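Scroll down for the structure; my scribbles are underneath it.
The values are calculated or read from the model by the stated rules, or taken from the named source; none is laboratory data. These numbers were taken from a predicted model, which means no experiment stands behind them. Reconstructed Cβ throughout: ideal geometry from the backbone, glycine too, with neighbour counts over all protein chains shown.
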Amino acid sequence: MSPRAGKAGPHTLAFVESPVQLLNVLEWAHAHAPGVGLTLVVLSPVDPMTRGQLRRMSELAREEGHEVRWEEARGGPAAPLQTIGGLAGPLRRASRIVLGDPFSRYVQLLLTITRARDLVVVDDGTATMEFVGQLARGERLVRWHRKGGRPGPRDLLLAPVSAAARRRLTPGGKRRVEVFSSMPMEDTPPGVTLTAHTFAWTRARFGPPRITQGADLVGTSLVETGVVDADAYLAAVRSLAEVHGAKRYFAHRRESTEKLHRLAVGTGLEIVRPELPLELIARRGPIGRTVVSFPSTVVHTLPLALSGTGVTVAVCDIDPAWLTRNASPRARGFLSNVTDTAKDAHHLSAVPAV
């Protein structure tokens with residue numbers, strides 16, 4: 001254990017399942033309790049790219065004085081029960097819980113155990129916008145790209161857990177709920193404290209970056225989630241690379257190897273698999289003078305992380321013709337909202353893929 005972690009001890013537990021969630025817990029700790037350690041519980045996924053980034057982010061967390069507890073939460077049929085059983089004691093003793101993904105079934109199960117009166121939700125990208133909106137409207141917690149579809153057997157089985165988590169994440173009595181976010185919120189749930197996330201830790205810890213000429217492209221996993229057609233996506237990336245003179249393509253950690261190979265062959269772009277969240281990679285540099293992204297979290301976070309550097313972030317909206325038949329009815333409106341709110345909040349320019 002880090003020498004500083006004992007100050008927070010078991011009283012503050014943070015649960016993360018992705019590198020971005022871990023980054024945003026570090027940002028929250030920097031803003032709320034600089035110099036005080038907390039216990040970070042990594043509920044490790046199976047994806048190798050995500051695990052690698054989480055390992056590297058865990059090193060940064062330890063350097064900041066936090067204890068990191070790595071749980072092989074998906075390491076076999078017995079892993080969930082072993083993980084939850086091992087965390088039951090710390091959960092009951094914790095006075096504050098910080099979490100990165102309120103839609104996670106794992107986190108929802110853990111919330112049924114804790115008695116903590118302070119609950120903090122840190123950014124998990126654009127999903128945070130949907131979570132806050134659903135909480136405000138009293139809706140069940142469903143990820144945006146699945147909204148509109150019929151619940152499957154697993155959803156029905158875990159519906160009571162999800163409902164209990166929604167109640168736990170609703171302020172009431174002595175229970176306080178904070179959302180620490182860099183995303184714009186249309187609806188504010190009654191009693192929820194919204195705290196601005198400005199990437200202060202990232203800007204203090206890294207950079208400023210060396211800026212190169214030309215543009216860099218930022219990838220998205222919309223093909224992998226079944227929202228965007230693969231061929232349409234390839235054509236759009238090829239067009240953007242030609243128009244903007246881009247040389248590099250920063251892959252999302254969930255993009256498939258097959259798709260990235262197609263992109264490399266079909267566009268000539270250098271495919272970069274970042275070892276850290278893009279906000280840190282961009283802040284460390286080198287980074288292109290222009291960064292072009294499809295609608296995603298980074299159109300909100302990169303302008304904050306790169307504030308004052310002179311880098312321009314531009315967004316390419318998703319053409320409705322690119323959507324697959326399986327895309328949920330919510331997908332088109334949600335993606336347009338991500339783009340429009342980023343333009344308003346950060347004065348981003350829009351670029352077409354022609």
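Quick check on His261: is it farther than 26 Å from Met57 by Cα and surrounded by fewer than 15 Cβ atoms within 10 Å (Cβ to Cβ)?
yes
Name the single residue, out of those in the range 164-202 being assigned to a strand (DSSP E or B), under 30 Å from Thr309 (Cβ atoms) and among the polar types (S, T, N, Q), that is farthest from the chain's Cα centre (by Cα). Walk me through how you get there before you give the answer.
First pass over the range 164-202, keeping only residues assigned to a strand (DSSP E or B): 172, 175-181, 193-196.
Now restrict to residues that are under 30 Å from Thr309 (Cβ atoms): 178-181, 194-196.
Still in the list and also among the polar types (S, T, N, Q): 181, 195.
Details: Ser181: 11, Thr195: 17 Å.
My answer is Thr195.
Is there a residue being among the basic types (Lys, Arg), touching a Ser or Thr at 6+ places or on another chain (Cβ under 6 Å) and surrounded by fewer than 22 Cβ atoms within 10 Å (Cβ to Cβ) anywhere in the range 93-100?
Yes: the range 93-100 contains one or more residues that are among the basic types (Lys, Arg), touching a Ser or Thr at 6+ places or on another chain (Cβ under 6 Å) and surrounded by fewer than 22 Cβ atoms within 10 Å (Cβ to Cβ).
So which residues in the range 107-130 are assigned to a helix (DSSP H, G or I), modelled with pLDDT under 90 and closer than 18 Å to Leu22 by Cβ, if there are any at all?
Those that are assigned to a helix (DSSP H, G or I), modelled with pLDDT under 90 and closer than 18 Å to Leu22 by Cβ: Ala127, Thr128.
In the range 324-354, what residues are modelled with pLDDT under 80, small (Gly, Ala, Ser) and farther than 24 Å from Asp231 by Cα?
Ala345, Ser349
Could you say whether any residue in the range 320-337 is of a type in the set (A, V, I, L, M, F, W, C), in contact (Cβ under 8 Å) with a residue 12 or more places away in the chain and surrounded by fewer than 18 Cβ atoms within 10 Å (Cβ to Cβ)?
The answer is yes; a qualifying residue exists.
Consider the range 225-243. How many of its residues are under 13 Å from Phe294 (Cβ atoms), touching a His at 6+ places or on another chain (Cβ under 8 Å) and surrounded by fewer than 22 Cβ atoms within 10 Å (Cβ to Cβ)?
Total satisfying the criteria: 1.
Give the residues of the range 67-123 that are without any contact (Cβ under 8 Å) to a residue 12 or more places away in the chain and in contact with a Pro (Cβ under 7 Å, 6 or more places away or on another chain), sorted by residue number.
Matches in the range 67-123: none.
Output the residue which, of all residues in the range 146-204 that are acidic (Asp, Glu) and modelled with pLDDT under 85, is surrounded by the fewest Cβ atoms within 10 Å (Cβ to Cβ).
Among those residues, the one meeting the criterion is Glu186.
Rundown of residues vs (1) of a type outside the set (Ser, Thr, Tyr); (2) farther than 29 Å from Pro48 by Cα, yes/no style:
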| residue | (1), (2) |
| --- | --- |
| Val177 | yes, yes |
| Asp231 | yes, no |
| Ser239 | no, yes |
| Glu242 | yes, yes |
| His252 | yes, no |
| Ser256 | no, no |
| Arg262 | yes, no |
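Output the residues belonging to the range 109-135 that are more than 12 Å from Val177 (Cα to Cα) and under 17 Å from the mean Cα position of the chain (by Cα).
Of everything in the range 109-135, those that are more than 12 Å from Val177 (Cα to Cα) and under 17 Å from the mean Cα position of the chain (by Cα) turn out to be Asp123, Asp124, Gly125, Thr126, Ala127, Thr128, Met129, Glu130, Phe131, Gly133.
If you check Ile84 against the conditions, is it closer than 24 Å to Thr195 by Cα and surrounded by 17 or more Cβ atoms within 10 Å (Cβ to Cβ)?
No.
Can you tell which of Val20, Val41, Val46 is under 19 Å from Ser104 (Cα atoms) and in contact with a strand residue (DSSP E or B) (Cβ under 6 Å, 6 or more places away or on another chain)?
Result: Val41 is the single residue among Val20, Val41, Val46 that is under 19 Å from Ser104 (Cα atoms) and in contact with a strand residue (DSSP E or B) (Cβ under 6 Å, 6 or more places away or on another chain).
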